[in-house]
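Below is one structure, written out as structure tokens; comments come after it.
The values are calculated or read from the model by the stated rules, or taken from the named source; none is laboratory data. These numbers come from a predicted model, not from an experiment. Methodologically, a virtual Cβ is constructed for each residue, glycine included, from the backbone with ideal geometry; neighbour enumeration extends over all protein chains shown.
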Amino acid sequence: MKTTKLILILTSFIVSIFFTHKTTAQSFYFDITSGYALNMMPKTNTDVYFNSATTIAPLKVSGSFGKGWNYGGTAGYFMLPYLAFELGVNQFAGSTLSSSQFIQINNTQSLTLNESSNGRMLRFCPALKLSTYDGKIPPYNRNTPKDGGSWIDYYVKIGLIIGLSNSINSNQSITHADTTTALAYNTTTVYSGGSSTGFNLKLGVSFKQNDKIFLFVELSFIDQFYAPSQSLITSYSYGGADMLSSLPVSQRQTYYVPLPNSKTGGANEPSQAYAISYPFTSVGLNVGIEFKFNR
């Protein structure tokens, strides 16, 4: 609910700016961007303790889910010659994070966990932009801008990142091995729901092509965590045989809450567990094209 109110307030703010009287208007702009983000978290594996009956393990964290490709668009408005407010929508498609763990149970039995997971997020990105843009963007002749302008703009963006549609997909394989056989339980779990709010800092350089078109490159720092509200096992097999129907509802579906209810509803109702935040923190490089429209 708080996230929805924040989105409405920010949207109302930018709409009111767009309809400001023409005498105070500077310029509108729109950009299309794409980029790749690197992992900013240490690649340490959280220990999971097994026993011989283990078939499904909790989600392990192996670095940040913020690693991967993103693409989107932004609309903005310069309220002052150097200050703009913008709203962006960005689709993030995370790269796969893999981890493996081996545990020797006794002299004849062992367990091996192989896991691969990735995150996805549709992001709403309001921000303030401080730019060296002086309000005059004349075309340049022979690579020299007219009227004393510069052909390069430098800028800083400070803003929020609000996750609107978030998920983590996890594929696990737990192999039970003894002296004669090795059979694996394969599980796919989708973590979804919930909201995520973070902060974004961008440092960029914009190269003027003419009075309306700019090419830009920017360094982006994101500090963000995501706490799913539920998880659902969508596939479960053993030795290649489908066994999803053998799992009760309480084992297939879990709700994540601040304080789980100690009184469960039995096998036919989803279970409850403590909410966990997973990192989407990253540092990345974005490139794109921007179009400006002076009024």
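Below is a table of values for the structure above.
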| read-out | value |
| --- | --- |
| Criterion (modelled with pLDDT of 95 or more, within 30 Å of residue 273 (Cβ to Cβ) and in a strand (DSSP E or B)) met by exactly one of 232, 183 | 232 |
| Top-ranked residue of the stretch 266-290 - restricted to ones that are among the aromatic types (Phe, Trp, Tyr) and under 20 Å from residue 70 (Cβ atoms), ranked as nearest to the chain's Cα centre (by Cα) | 280 |
| Test: residue in the stretch 109-122 that is in contact with a strand residue (DSSP E or B) (Cβ under 9 Å, 6 or more places away or on another chain), within 27 Å of residue 177 (Cβ to Cβ), at pLDDT below 90 and outside any strand (DSSP E or B) | yes |
| Odd one out for residue 188 among (1) in contact with a Ser or Thr (Cβ under 6 Å, 6 or more places away or on another chain); (2) crowded, with 16+ Cβ neighbours inside 10 Å; (3) modelled with pLDDT of 95 or more | (2) |
| Some residue of the stretch 75-87 being assigned to a strand (DSSP E or B), at pLDDT 95 or above and acidic (Asp, Glu) | yes |
| Residues of the stretch 191-204 classified as in a strand (DSSP E or B) and surrounded by 15 or more Cβ atoms within 10 Å (Cβ to Cβ), total | 9 |
| Members of the stretch 191-207 found to be at pLDDT 90 or above and over 17 Å from residue 224 (Cα atoms), listed by number | 203, 204, 205, 206 |
| Some residue of the stretch 41-54 being β-branched (Val, Ile, Thr), at negative phi and at pLDDT 85 or above | no |
| Inter-residue pairs, beta-carbon under 9 Å, first small (Gly, Ala, Ser) and modelled with pLDDT under 95 and in the stretch 237-265, second exposed (fewer than 12 other Cβ atoms within 10 Å of the Cβ) and not in a helix (DSSP H, G or I), 6+ apart | 250/266; 250/267; 250/268 |
| Leading residue by the ranking (farthest from residue 122 (Cα to Cα)) among those in the stretch 211-243 that are aromatic (Phe, Trp, Tyr) and touching a Pro at 6+ places or on another chain (Cβ under 9 Å) | 225 |
| In the stretch 279-295, the residues that are among the aromatic types (Phe, Trp, Tyr), at pLDDT 90 or above and in a strand (DSSP E or B) | 291 |
| Selection count where residues are over 27 Å from the mean Cα position of the chain (by Cα) and surrounded by 14 or more Cβ atoms within 10 Å (Cβ to Cβ), scope the stretch 214-247 | 4 |
| Residue in the stretch 144-160 that is over 25 Å from the mean Cα position of the chain (by Cα), at pLDDT below 95, surrounded by 15 or more Cβ atoms within 10 Å (Cβ to Cβ) and among the polar types (S, T, N, Q) present | no |
